[in-house]
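Beneath this line is the structure, given in structure tokens, with notes to follow.
The values are calculated or read from the model by the stated rules, or taken from the named source; none is laboratory data. Keep in mind that what you see is a predicted model, and the values were worked out from it rather than measured. Methodologically, a virtual Cβ is constructed for each residue, glycine included, from the backbone with ideal geometry; neighbour enumeration extends over all protein chains shown. Note: areas computed on protein heavy atoms with side chains; ligands, DNA, RNA excluded. Shrake-Rupley method; radii C 1.70, N 1.55, O 1.52, S 1.80 Å.
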Amino acid sequence: MTSTISISLSLDEKGFIDRACPRCSYRFKVKNSCWPKSKIGGLPWARTFAYAFCPMCGHKAVSDNWHTPEQIKAAKKIAVEKAKQQVLSQIDKSLVRFSRSFSHNPFVKMEYKPSFPYRHINTRTPFDQALERNIVCSKCNASYAVVGSAFFCPVCGENTVVASFASAMSNINKALDALPAEKKVFEEFGGVDFARDQIRHLIERSVGDIISTFQSFALRLYEDLGGHGAKPNDFQILAKGSALFESLTGKAYSEWVTTDQLKFMNLMFQRRHLLEHNNGLVDPRYLDKTNDLGYKIGERIVVRVDDVRKLQAITLALSNGLLSQLQVPKP
Ligand SMILES: [Zn+2]
Ligand SMILES: [Zn+2]
């Protein structure tokens, strides 16, 4: 006869459960409600297995096999205690029954007092302290927490850095491709001037989209490469971001894009700053940072679709170069 004892694993104060990769032993945490769980049927073949992925090495395995050594050790101890109590309480119950069977017997009297001391079992399993680096998967929305590098979502296996960047960039492309069709709709809806304004607004917004996508990509990659303490805004300034990556990998942005391309990127970064903070109007600071001879103070900058596409192409080239450093083994 087999019997099953189930033990629930304890969660940290944020509701995360500790996990360890069965292949590389990498430890991480996942919000317990996000962790994929196998469905248990009545029969072994009625079981539907769920799978999980290691954020570090990408290993895929049935989600039931990701316990930390501490969880396994504590769970074994709890299981032994529970089993002991079950067996002893069974013995107690049978002896009580046996003694009662004599209750109507006038010749034999038997009394049994349960002697087994019911001890309290500590059913808490150990867990590590909550981690500070929390990531939400852009594909499946799972929350997980790691220390240092993490390349894959433990729940859906997506290569998170690459995937979120690639999908954001492709959405920007789609938005640019849709402009002529949108222009027609706007014209029909509100006339030529209205359409021109709306399209200008969309083109300007796509500059901001490219730059903010790059910023979050760069920050995430910087952390995945082992960097600490950087802020998203550090990657708004090309020289600062470049220096941060250089300190980690020995390679500055100029390794991946030409000086002219960097100059153009800087120009577009500064224009985005104007659009967001000065309604697109040229100020002395802009001229100082760009040496843009095409504008005077007080004029409004013009962003063309070609500029946006060019910025996107350069940003992609730079990002691919930075990304290639993930494959370089650390010294
Ligand atoms: Zn692993
Ligand atoms: Zn995911």
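Just a few scattered comments:
- Extension gain for residue 187-residue 247 works out to 16.5 nm (0.36 nm per residue, less the C-alpha to C-alpha distance).
- With protein chains left intact and a 1.4 Å probe, residues in the chain average 59 Å² of accessible area per residue.
- Kyte-Doolittle at least -0.5, axis length at least 15 Å by Cα - qualifying DSSP helices, the chain: 160-177, 179-190, 192-224, 238-249, 305-324
- Whether segment 16-125 is rounded, prolate or oblate, judged on the alpha carbon gyration tensor where a/c under 1.5 counts as rounded: prolate
- Stretched out straight at 0.36 nm per residue, the stretch from residue 70 to residue 178 would grow longer than its current Cα-Cα span by 33.4 nm.
- Peptides 83-92, 46-55, 68-77 ordered by average Cβ neighbours within 10 Å, highest first: 46-55, 68-77, 83-92
- About its Cα centre, segment 159-324 has a charge dipole of approximately 100 debye under the convention of +1 per Lys or Arg Cβ and -1 per Asp or Glu Cβ, with nothing else charged.
- Nearest-0.05 FRET efficiency for residue 162 and residue 107, computed from C-beta distance (R0 51 Å): 0.05
- In the chain, a dipole from Cβ-located charges (positive for Lys and Arg, negative for Asp and Glu) runs towards its positive end, and of 219, 71, 87 it is 87 whose Cα lies farthest in that direction.
- The order of the peptides 209-218, 93-102 by mean Cβ neighbours within 10 Å, most packed first, is 209-218, 93-102.
- With all protein chains in place and a 1.4 Å probe, the accessible surface of segment 159-324 carries 53 percent carbon and sulfur.
- Solution diffusion estimate, µm²/s, Stokes-Einstein, segment 159-324, Kirkwood Rh from C-alpha pairs, 20 °C, viscosity 1.002 mPa s: 127
- Net charge over other residues, Cβ less than 9 angstrom from the Cβ of residue 49 (K, R count +1; D, E count -1): +1
- Here the simple spin-label model places points 7 Å from the Cα toward Cβ, and for residue 95 and residue 304 these points are separated by 9.6 nm.
- Rg and Dmax over the alpha-carbon atoms of the chain stand at 31.2, 118 Å.
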